[in-house]
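This report refers to the structure that appears directly beneath it.
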Amino acid sequence: MASGRRGLPHPPAGSRRHIATEEMNLLAGYGGDAGDLIPRFEALRTEDVLAPVMELLPTRAGKVLDVGAGTGRDSAWFAGHGHDVVAVEPVPEFRRAGRDLHRHANMIWLDDRLPLLTLLATAKESVFDLIVVIAVWQHLRPDQQPSAMTALAGLVAPGGRLVISVRHGPGSPTRPCFHADVDRMIGWAEAAGLKLLLRREADSLQQKNRDAGVRWTWLCLERD
């Protein structure tokens, strides 16, 4: 069988077309809801969002990667604390809003996406002291999740950390969510050279999500 990146099998051509259509539909779903989502994203405080892992965030300025940065709320917070930040966001409506809302010389935007983060993976010196993946993992199909973890782990610098929030519960009809097995995620991370520092459960900050039964698992992983 032909092998793809990092030894993973290539899906059949029909399957690849279906996957591409799913991804485009997801981006279109976010784009169509951007007018409602942008103020909702911006209304949340980064200190509250990151509260479950705040004690494990770097205290010295370094390189930060925000995957699925949305409007750049959290990227801007890190940039404001002196970090050099790459905000990765595939939804053009969010990138445009983020550039208007958050202007930091040490913050750049990139159109890339999981599971492979192809542009970052091929860039020179693309390793980071901290990677945050907040409210993104639920959009990865189960068959994409192992390669996504491998791609993320490959971007963590020695001594660096990877923070992921994992959503449990229903999603929007236009932005489907998939199940994530947290134990398996930890196993993939460990196989890729990361160790678990923290696993913590948390309620959703948004009342609408709490009413729908949405909860989160936060993971913080570290490379030796």
Would you say R40 is surrounded by fewer than 20 Cβ atoms within 10 Å (Cβ to Cβ) and either in a loop (DSSP other than H, G, I, E, B) or touching a His at 6+ places or on another chain (Cβ under 8 Å) (or both)?
-> no
In the stretch 50-81, residue farthest from the chain's Cα centre (by Cα) [restricted to those that are charged (D, E, K, R) and surrounded by fewer than 17 Cβ atoms within 10 Å (Cβ to Cβ)] | R60
Name the pairs: first residue in the stretch 210-224 and touching a residue at least 12 places away in the same chain (Cβ under 8 Å), second residue of a type in the set (D, E, K, R) and not in a strand (DSSP E or B), Cβ to Cβ under 9 Å, at least 6 apart or on different chains?
-> V214/K208; L221/E190
Residues satisfying the stated conditions in the stretch 50-89, i.e. in a loop (DSSP other than H, G, I, E, B), touching an Asp or Glu at 6+ places or on another chain (Cβ under 8 Å) and among the polar types (S, T, N, Q) | T71
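Do the conditions hold for L152, that is, is it touching a strand residue (DSSP E or B) at 6+ places or on another chain (Cβ under 7 Å) and outside any strand (DSSP E or B)? If you could, list the steps in order and put the result at the bottom.
Values: touching a strand residue (DSSP E or B) at 6+ places or on another chain (Cβ under 7 Å): yes; outside any strand (DSSP E or B): yes.
Taking the combined requirement at face value, the residue satisfies it.
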Identify the single condition in (1) touching a strand residue (DSSP E or B) at 6+ places or on another chain (Cβ under 8 Å); (2) farther than 12 Å from D66 by Cα that P115 does not satisfy, given that it satisfies every other one.
-> (1)
Confirm whether R175 is farther than 30 Å from A212 by Cα, among the basic types (K, R) and touching a residue at least 40 places away in the same chain (Cβ under 8 Å).
-> no
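Every number in this text was worked out from the coordinates using simple rules, so none of it is lab data. Just so it is clear, the structure is predicted and the values come from calculations on it, not from any experiment. Note that we place each Cβ from the backbone using ideal geometry, even for glycine, and neighbour counts take in every protein chain shown.
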